[in-house]
Amino acid sequence: MTPHLEIKNLHVSVEGKEILKGIDLTINKNEIHAIMGPNGSGKSTLANTLAGHPKYTVTEGDILYKGESVLPWGADVRSQKGIFLAFQYPMAIPGVTVANFLRTALNARRKATGTNGNSKSISIPEFRKLMREKMAILKLDDTFATRYLNDGFSGGEKKRVEILQMAVLNPEMAVLDETDSGLDIDALRIVSEGVNALAGPNLGVLLITHYQRILNYIKPQYIHVMVSGKLAMSGGPELALQLEEKGYDWIIEAEAAK
Amino acid sequence: MTDTKKPTFDIGSSGSEYKEKYGFFDPEKYVFKAKKGLNREIVEEISWMKNEPEWMRTYRLRALEMFYKKPMPQWGGNLNDINFDDIYYFLRATDKSERSWDDVPDDIKKTFDRLGIPEAERKFLSGVGAQYESEVVYHNIKESLSKQGVIFLGMDQALAEHPDIVKKYFGTIIPSADNKFAALNSAVWSGGSFIYVPPGVHVDMPLQAYFRINARSMGQFERTLIIADEGSYVHYVEGCTAPTYSSDSLHSAVVEIMIHKNARVRYTTIQNWSSNVYNLVTKRAVAQEDATMEWVDCNLGSKLTMKYPSVYMMGKGAHGEILSVAFAGKGQHQDAGGKVVHGAPYTTSVINSKSISKDGGRTSYRGLLKVYPGAVGSKSNVRCDALLLDEDSRSDTYPYIEVDEDKVSIGHEASVSKIGEEQLFYLMSRGLSESEAATMIVSGFIEPIVKELPMEFAVEMNRLIQLQMEGSVG
């Protein structure tokens, strides 16, 4: 079977500086993987590279999505094909309502690939119904639909709206970049429940986090530790608990000793 | 006299869709076309053709003298390339102004049909005026409004049918000596709208006028006068287009508005001139006690626009508001802004200006905030934001603030921003193409102004922005 997402010997540079130094990772449908690691280890670089940020240059290796290299695709095409990045710092777009933005995005995805076997634009009443349903999951009240995207949103609201976007766009590969950062405990629970509600047989999830606490809510089958642009260690859920207890230093030291 | 030579098309940055929707031209067939150039004879001829009263003929001739005397403004944009001798000052396309759409001559009707005017009239307007070249070719007003005493006429007809009221106000708000182009307009004006709203009458749906330049090297000099009597309300919307010829056209209008006690006027402009039109317009309103004036001014297209809608708040408690959007593409300069003059106590004003520059286009915000001594308790808030779409484009801010009274509250904010890589990436990561993403950011940027437009015009405005943005990035 072709793996859902396959990252092969990935090297990535930003402004001439190499950040990722050979990442290998395979994620299948219905799997949740978590990448943990200290600040500056390259976690967000991996997330942005997967989504196609033009600032990040792949110098070696490849990223295959359903067996096809994503490297020739721009960020728009990757999204249309079902790759989703929940941003660590979502941008504010003043004057553009959440609903207008999401309908445009959904129609772009439908037009390109025909999500749910429907390549036609979604009708406004149908879209409204979809929004209401997904907003309820994330405990966002109706006024969010008409608010300007991330403009004046609190940190928690931004993250909830990221997951709302994921829910509406219905991706097949979701990358969550520090979705837990800056959330209080209630917001963390709501966001996590939202992600869990979306997880399923057709979705692969890559969860990037600095802290273990989101793993109390979202349960990955695989944990990887990134240190200095490489995956230094991989394991099952028990690895997260070890990290919680011992921190990252012992892995960093082991990596340095290699 | 009829010039049937086929004009050369020169479609500017706005691409083929502009051509399809606005950039078409009709063969030139005119009942009367004055000779090119400006002199006493032409002015006399215009007045004679219109069968005007003596006072107007004298007024025109005096204005012409002032036009000659006044030097060309050397601030704002570059006006030195305008050749006043190479312009047609008067073109009559039909013998009369019609009140029934069916009676408008077919070729002219076709133009306005393509622009969607008759549909708009049926759907959401209280009345429509349509000006083709120099004169109003069609105007109509809902019967219920005319029964209430609302007058909505072409300016020429108003002068013929309501000479007293025209004479009382004409040139009192913008005297012909105000500036060189006001003098020019006063000398050769033709067409434009006249509106009178009687005391207490609220005109629920907008009145609209549509201005179309079709001929090459044409000068359009419409003159609009709006009088809102005590406690009345009217919303007037104007739209302007022209096809793109290789030679330049000149549009130089004068708009005067008198708002009596407790009345309110909103004046909305959606202007989409082709990129060879010099658009030099003087617009001014006088707001009496507790009266409100609102300018909503959307400027797209043109080669150079110089336009600063003004509100003179002359009565206690008057309010003035100027909301404007300017979009400058390749080879275009939008020098726009507004003037608010506080001449009475407790007057309040707001200026909110948004400009967008792309492909080397240039926008300038030029604004005046003036508070006279004695205008105690006045408040003004000025905000101008510029968005640059690329490195070649330019934006400048020229805010003039003259405050001669201490007991006032003044706020001024300005910002310049660029479309950021991170914003584009964020939207693209949701499936939007780069150009869709940039268009969405621009639409959001002007949303605070666009949301003030009636729905149908807001839709049109967004469509125009899309046209301007197509193929602009990447």
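Quick look at the values:
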read-out: Every residue from region A:46-58 that is of a type in the set (Val, Ile, Thr) and surrounded by fewer than 22 Cβ atoms within 10 Å (Cβ to Cβ); value: A:Thr57, A:Val58
read-out: Residue satisfying all of: in region A:68-83; at the interface with chain B (Cβ under 7 Å from one of its Cβ atoms) and polar (S, T, N, Q); nearest to A:Thr209 (Cα to Cα) among these; value: A:Ser79
read-out: Sole residue being crowded, with 22+ Cβ neighbours inside 10 Å and touching a residue at least 40 places away in the same chain (Cβ under 8 Å), chosen from B:Glu98, B:Glu135; value: B:Glu135
read-out: Residue among B:Lys354, B:Lys303, B:Lys379 that alone is modelled with pLDDT of 95 or more and closer than 30 Å to B:Gln466 by Cβ; value: B:Lys354
read-out: Strands (runs of 3 or more DSSP E) contained entirely in region A:191-258, each with at least 3 residues that are closer than 30 Å to A:Lys134 by Cα and in contact (Cβ under 8 Å) with a residue 24 or more places away in the chain; value: A:204-209
read-out: Per-region count, region B:331-371, residues surrounded by fewer than 23 Cβ atoms within 10 Å (Cβ to Cβ) and of a type in the set (Asp, Glu); value: 1
read-out: Hey, B:Ala318 more than 17 Å from B:Ala287 (Cα to Cα) and either among the aliphatic types (A, V, I, L, M) or surrounded by 24 or more Cβ atoms within 10 Å (Cβ to Cβ) (or both) or not; value: no
read-out: Meets criteria (more than 14 Å from chain B (Cβ to nearest Cβ), among the acidic types (Asp, Glu) and over 30 Å from B:Lys451 (Cα atoms)) for A:Glu60; value: yes
read-out: Residue within region B:417-440 that is within 14 Å of chain A (Cβ to nearest Cβ), in contact (Cβ under 8 Å) with a residue 60 or more places away in the chain, buried (at least 19 other Cβ atoms within 10 Å of the Cβ) and more than 29 Å from B:Val371 (Cα to Cα) present; value: no
read-out: Single condition B:Glu447 does not satisfy, out of (1) buried (at least 18 other Cβ atoms within 10 Å of the Cβ); (2) under 27 Å from A:Ala47 (Cα atoms); (3) facing chain A (nearest Cβ under 7 Å); value: (2)
read-out: Strands (runs of 3 or more DSSP E) lying entirely in region B:112-180 (those with 3 or more residues that are within 16 Å of B:Pro198 (Cα to Cα) and in the same structural domain as B:Ser249 (by TED's automatic domain parsing)); value: B:151-154
read-out: Identity of the residue in region A:147-162, in a helix (DSSP H, G or I) and within 13 Å of chain B (Cβ to nearest Cβ), that ends up nearest to B:Ser429 (Cα to Cα); value: A:Glu162
read-out: Condition check for B:Leu453: more than 11 Å from chain A (Cβ to nearest Cβ) and in a loop (DSSP other than H, G, I, E, B); value: yes
read-out: Scan of region B:168-210 for residues that are farther than 14 Å from B:Tyr59 by Cβ, of a type in the set (D, E, K, R) and without any contact (Cβ under 8 Å) to a residue 40 or more places away in the chain, ordered by number; value: none
read-out: Residue among A:Arg189, A:Arg213 that alone is at pLDDT below 90 and either buried (at least 21 other Cβ atoms within 10 Å of the Cβ) or of a type in the set (Lys, Arg) (or both); value: A:Arg213
read-out: Members of region B:379-389 that are touching a residue at least 40 places away in the same chain (Cβ under 8 Å) and of a type outside the set (A, V, I, L, M); value: B:Ser380, B:Cys384, B:Asp385
read-out: Residue in region B:457-473 that is at the interface with another protein chain (Cβ under 7 Å from one of its Cβ atoms), at pLDDT 85 or above and assigned to a helix (DSSP H, G or I) present; value: no
read-out: Any hit, region B:393-413, residues being in a helix (DSSP H, G or I), free of Cβ contacts under 8 Å to residues at least 40 places away in the same chain and either surrounded by fewer than 17 Cβ atoms within 10 Å (Cβ to Cβ) or more than 14 Å from every other protein chain (Cβ to nearest Cβ) (or both); value: no
read-out: Count of region B:231-257 residues which are hydrophobic (A, V, I, L, M, F, W, C) and in contact with a helix residue (DSSP H, G or I) (Cβ under 6 Å, 6 or more places away or on another chain); value: 1
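A quick yes/no check of all residues on (1) at the interface with another protein chain (Cβ under 9 Å from one of its Cβ atoms); (2) surrounded by fewer than 17 Cβ atoms within 10 Å (Cβ to Cβ); (3) outside any loop (DSSP other than H, G, I, E, B):
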| position | (1), (2), (3) |
| --- | --- |
| A:Leu85 | yes, no, yes |
| A:Ala99 | no, no, yes |
| A:Arg109 | yes, no, yes |
| A:Ile122 | no, no, no |
| A:Arg132 | no, yes, yes |
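The values are calculated or read from the model by the stated rules, or taken from the named source; none is laboratory data. Being a predicted model, the structure only gives us computed values, none of them experimental. Methodologically, a virtual Cβ is constructed for each residue, glycine included, from the backbone with ideal geometry; neighbour enumeration extends over all protein chains shown.
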